[in-house]
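S.K.: I have a structure I would like to understand better, so I am pasting it below and will then ask my questions one at a time.
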Amino acid sequence: MGQPLVIYALVAKRAELSGQVLDLERQKADLEDQLSHIDHALAIFGYAKPPRDIKPKVTAVRLFKRNELARLLRRDSGEGTNREIALRIMIAKGLDAADGALVAKVTESVKGAKNWRRQRQITAAASSSLRG
């Protein structure tokens, strides 16, 4: 009895994902077409080097929204190494904790956020002692 529901849900999910793949393939084709037009324009204006040698500009993918990591750090117990804290935050956010490069990136973000928080606390303590 439960199996047809599971099959229905899986078919629906597969249809959704295959639709997304088709959309991405269309977007890729459009972008390649735009690159081709730009390559031709470069040739018309006398660009001597091959356009394929132009390094792609990769935009940074942000893992956390503004102040999201600081909020997650405040909620976390703060016990353990930066890597352990990063792993707990990744699990809470649903990120892949098995991806070593991603773990390293989040660990560096945690380290930076903790240093930033520590500096803010030192600055706040110094300014309050000057007032008092």
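S.K.: Filter the stretch 96-117 down to the residues that are at pLDDT below 90, surrounded by 15 or more Cβ atoms within 10 Å (Cβ to Cβ) and farther than 14 Å from E68 by Cα and list them by number.
M.R.: A97
S.K.: Given (1) assigned to a helix (DSSP H, G or I); (2) surrounded by 13 or more Cβ atoms within 10 Å (Cβ to Cβ); (3) hydrophobic (A, V, I, L, M, F, W, C), where does A92 come up short, assuming only one miss?
M.R.: Condition (2) is where A92 drops out.
S.K.: Same structure again: Testing A41 on (1) surrounded by fewer than 13 Cβ atoms within 10 Å (Cβ to Cβ); (2) modelled with pLDDT under 90, one condition comes back false. Which one is that?
M.R.: For A41, the exception is condition (2).
S.K.: May I pose another question? Any residue that is under 20 Å from K105 (Cα atoms) and aliphatic (A, V, I, L, M) - is there at least one of those in the stretch 51-58?
M.R.: The answer is yes; a qualifying residue exists.
S.K.: Might you let me know whether the stretch 61-73 holds any residue that is open to solvent by 80 Å² or more (accessible area, probe 1.4 Å) and farther than 21 Å from K114 by Cβ?
M.R.: Kept after step one, since they are open to solvent by 80 Å² or more (accessible area, probe 1.4 Å), are these residues of the stretch 61-73: 61-62, 65-67, 71.
Filter once more, so that each one left must be farther than 21 Å from K114 by Cβ: 61.
Scanning the stretch 61-73, I find at least one residue that is open to solvent by 80 Å² or more (accessible area, probe 1.4 Å) and farther than 21 Å from K114 by Cβ, so the answer is yes.
S.K.: On to the next question. Limited to the stretch 45-89, what total is found for residues that are in contact (Cβ under 8 Å) with a residue 24 or more places away in the chain and either in a helix (DSSP H, G or I) or of a type in the set (S, T, N, Q) (or both)?
M.R.: Going residue by residue through the stretch 45-89, those that are in contact (Cβ under 8 Å) with a residue 24 or more places away in the chain are 63-64, 69-70, 73, 82-83, 85-86.
Adding the requirement that they be either in a helix (DSSP H, G or I) or of a type in the set (S, T, N, Q) (or both) leaves 69-70, 73, 82-83, 85-86.
Residues meeting the conditions: 7.
The values are calculated or read from the model by the stated rules, or taken from the named source; none is laboratory data. In this text, all values refer to a predicted model and were calculated from it rather than measured experimentally. Every residue, glycine among them, receives a Cβ derived from its backbone with ideal geometry; neighbour counts consider all protein chains shown. Surface areas here come from the heavy atoms of the whole protein model, side chains and all, with no ligands, DNA or RNA. Shrake-Rupley method; radii C 1.70, N 1.55, O 1.52, S 1.80 Å.
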